[in-house]
Amino acid sequence: MEFLTGDPNIELWENLVAGPTLTVTHLVIAKDKAVPQHFVDYDVIVVSIKGKVEFYTETGDFEIIYPGKLVKMKPNEKHALKAQTDAELMVIKMKLNK
């Protein structure tokens, strides 16, 4: 068993777990900062652990995520983020057997 702790003072992101089929990324976004549109070739779950973040879809629509609300994405779904407040997220990227 291993216990991992993210650093809330990182510059945007750090991988806490990195492997061929699973990556867990700790993401820290300062208020009013944005992460431009991107995608990854993984199934993804984004879990907010602090703050409020606008989570944009490819069409420009967005939902606000906050602690207790998460996002589930399929591989290659384009998305972008903008922090409404100082925010921290955990991003779980998985290669699932289909």
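We did not get these values from a lab; they are worked out from the coordinates using the rules stated. What you see is a predicted model, and the numbers here were worked out from it, not measured in a lab. Ideal geometry is used to build each Cβ from the backbone, glycine not excepted, and the neighbour counts take in all protein chains shown.
Over the chain, Cα pairs under 8 Å with separation of 6+ residues give a relative contact order of 36 percent.
Convex hull volume per residue, computed on the Cα atoms of the chain, equals 107 Å³. Taking amide hydrogens as placed 1.01 Å from N in the peptide plane, the amide H of Lys33 sits under 5 Å from those of Ala83, each at least 5 positions away in sequence or on another chain. Take the chain and mark each of the GluC sites (Glu not before Pro) that is in a DSSP loop with at most 12 other Cβ atoms within 10 Å; the longest unmarked stretch, sites excluded, is 12-57.
Ranking of Asp32, Asp86 by neighbouring Cβ atoms within 10 Å, starting from the fewest: Asp32, Asp86.
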